[in-house]
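Since the structure comes first, as structure tokens, the remarks are kept for the end.
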Amino acid sequence: MPLVNSTAYRMLVSHNGVQIKQGDIVLIWGAVGGLGGFAIQYVLNAGAFPICVVSSQERVRLCETIGARWVIDRRAEGYQFWNSDGSQNVAELRRLGKKIRDMTGGEDPDVVYEHPGHETFAASVFIARPGGSVV
């Protein structure tokens with residue numbers, strides 16, 4: 001627990017990270033896992049707004065229970081960011097971006113808390129607002 005806690009703190013709060021602030025919109029991949037679980041707590045504590053990305057309805061309910069108003073069940077949505085030939089599926093990136101803008105009233109995330117890696121990195125870069133941060 002100290003490792004994932006300090007990692008989330010360093011990425012989101014510390015002077016070496018993005019220093020989230022009140023009102024920021026922060027997309028958190030895997031919001032119920034170890035890194036994501038601490039990230040959602042830091043985001044809520046800062047007065048920022050998390051967009052939690054999880055993989056089941058049970059996890060959706062858990063995020064809502066702790067105060068997240070925006071939650072995406074990636075399994076229910078069926079996102080496929082990569083085509084079978086290994087190329088990026090741009091239509092899926094756009095679909096995710098539209099989903100986020102529909103939830104937030106037209107806003108893109110100020111910060112994307114990216115830790116899954118290859119599967120989601122291009123999506124994270126695509127959906128971050130211009131000038132935003134991917135950490």
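Along the Cα→Cβ direction, 7 angstrom out, place labels at Thr104 and Ser6. What is the inter-label distance in nm?
If labels sit at Thr104 and Ser6, their model points lie 3.1 nm apart.
Provide Trp82, Trp29, Trp70 ordered by accessible surface of protein heavy atoms (probe 1.4 Å), highest first.
Solvent-accessible surface, decreasing: Trp82, Trp70, Trp29.
Per-residue HN-Hα couplings for the range 12-21, Karplus 6.51 cos²θ - 1.76 cosθ + 1.60 at θ = phi - 60°, whole Hz, x for Gly and Pro?
My calculation for the range 12-21 gives 10, 10, 5, 5, 8, x, 8, 6, 3, 9 Hz in order.
By DSSP, what percent of the beta bridges with both residues in the chain are antiparallel, rounded to the nearest 5?
On the way: 1 of 15 bridges.
About 5 percent, rounded to the nearest 5.
Using each residue's phi in the range 61-67, evaluate 6.51 cos²θ - 1.76 cosθ + 1.60 at θ = phi - 60° and report the 3J(HN,Hα) Karplus result to the nearest Hz, with x for Gly and Pro.
Values per residue, Gly and Pro as x: 4, 4, 4, 5, 4, 8, x Hz.
How large, in percent, is the carbon and sulfur part of the accessible surface of the chain at a probe radius of 1.4 Å?
51
If you fit an axis through the alpha-carbon atoms of helix 90-104 and take the longest principal axis of the Cα set of the chain, what angle between them do you get, 0 to 90°, nearest 10?
Helix 90-104 sits at roughly 40 degrees to that axis.
Would you mind working out the accessible area per residue for the chain, using a 1.4 Å probe, and quoting it in Å²?
With the other protein chains kept in place, the chain gives 53 Å² per residue.
Could you check which residue among Ala31, Ala76, Ala68 shows the biggest mean-square fluctuation in a GNM of the chain with a 10 Å Cα cutoff?
The residue with the greatest mean-square fluctuation here is Ala76.
The values are calculated or read from the model by the stated rules, or taken from the named source; none is laboratory data. Everything numeric in this text was worked out from a predicted model, so none of it was measured. Positions of Cβ are generated from backbone atoms using ideal geometry, with glycine treated the same way; all protein chains shown enter the neighbour counts. Surface areas here come from the heavy atoms of the whole protein model, side chains and all, with no ligands, DNA or RNA. Shrake-Rupley method; radii C 1.70, N 1.55, O 1.52, S 1.80 Å.
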